[in-house]
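The values are calculated or read from the model by the stated rules, or taken from the named source; none is laboratory data. The structure presented is a predicted model; accordingly, all values stated were derived computationally and were not measured. Positions of Cβ are backbone-derived with ideal geometry, glycine not excepted, and every protein chain shown enters the neighbour counts.
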Amino acid sequence: MVVSGVPEAAPPVVARVVANGRRWALGSGCRLTFGRAGCDIPFGAEPQDLRVSRRAGTLAESEGAIVISNTGRHPLLLLTADGDTHRILSPGIAVSAGLVQFHIIAVGTDGERHQIDVVHHRRLQVRREQDTMQLTFRLTQTERLLLVALCEPRLRTGDTHAPFATYREIARRVNRDDNYVRSRLATVRSNLAGQGIPGLLRDEPGPAARRLPDYIVRLGEWVIAAGLVTADDLALLA
């Protein structure tokens, strides 16, 4: 409960981002977009490079790692602090990177390299074998609709503390049965867990499962962090 007249505390900073000499802070549970236009971080915009997508990607924090999503039309490069190529992010791919420091590169017109530098102040220790997980996860039209309904309260308000919709609320929103919604979202949770996303299954060991007994909350937090659903998808509920 926030006392009247006292501003709500800002989310703790989990990463610092630098691009074109400017700095940004990534807060816990928050997301930053980067691209040529209409984004939090201008990326390939000074001067404007039309080979860089208007919305090239997103950065968010999840389970002690930074989630980088390629939402643009061209590949992005994920480099280590030493400048070695760590991963190539194809369009539509999300990566969960446990690296402490890394660079994101977009190769623009005539080979010009546009760069974002990220320093991650990790709150949780990420196991070395999980430093980077590349997801090739694709949603069906129905699964995306259900996830948008799940995340609707946060997507509409932009409030990172807003509650997610319940199974019953989702079912009513999309004119489906409660059990159908539970079953389809359980399938999504299982598929994501199979690619290494923690805290989504009841029988999963470790602190993530114990900390989040309501797995639908964890699911909503992750799909928003990874950019699998965005405010633009709210049109599906119209």
Flag for R210 being at pLDDT below 80 and of a type in the set (K, R): yes
Hits in region 25-39 (condition: over 14 Å from the mean Cα position of the chain (by Cα) and either surrounded by 17 or more Cβ atoms within 10 Å (Cβ to Cβ) or touching a residue at least 40 places away in the same chain (Cβ under 8 Å) (or both)): G35, R36, C39
Inter-residue pairs, beta-carbon under 8 Å, first surrounded by fewer than 18 Cβ atoms within 10 Å (Cβ to Cβ) and in region 94-118, second of a type in the set (D, E), 6+ apart: Q101/D117; T109/D49; E112/D49
A106 in contact with a His (Cβ under 9 Å, 6 or more places away or on another chain) and outside any loop (DSSP other than H, G, I, E, B): yes
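Take region 66-83 and flag every residue that is of a type in the set (D, E, K, R) and within 21 Å of T109 (Cα to Cα).
Of all residues in region 66-83, those of a type in the set (D, E, K, R) come to 73, 82.
R73 - this is the single residue of region 66-83 that is of a type in the set (D, E, K, R) and within 21 Å of T109 (Cα to Cα).
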Pairs where the first residue, in region 145-174, is buried (at least 17 other Cβ atoms within 10 Å of the Cβ) and the second is among the aromatic types (F, W, Y), C-beta under 6 Å, 6+ apart: L150/F164
Residue selected from region 56-88 under the condition crowded, with 20+ Cβ neighbours inside 10 Å and not in a strand (DSSP E or B), by the criterion modelled with the highest pLDDT: A56
Output for region 26-42, where each listed residue is at pLDDT 90 or above, assigned to a strand (DSSP E or B) and either touching a Leu at 6+ places or on another chain (Cβ under 9 Å) or not assigned by TED's automatic domain parsing to the domain that holds V67 (or both): L26, L32, T33, F34, I41
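Do we find that A171 is of a type outside the set (S, T, Y), at pLDDT 85 or above, outside the structural domain of G35 (by TED's automatic domain parsing) and not in a helix (DSSP H, G or I) in this structure?
For A171, the condition - of a type outside the set (S, T, Y), at pLDDT 85 or above, outside the structural domain of G35 (by TED's automatic domain parsing) and not in a helix (DSSP H, G or I) - is not met.
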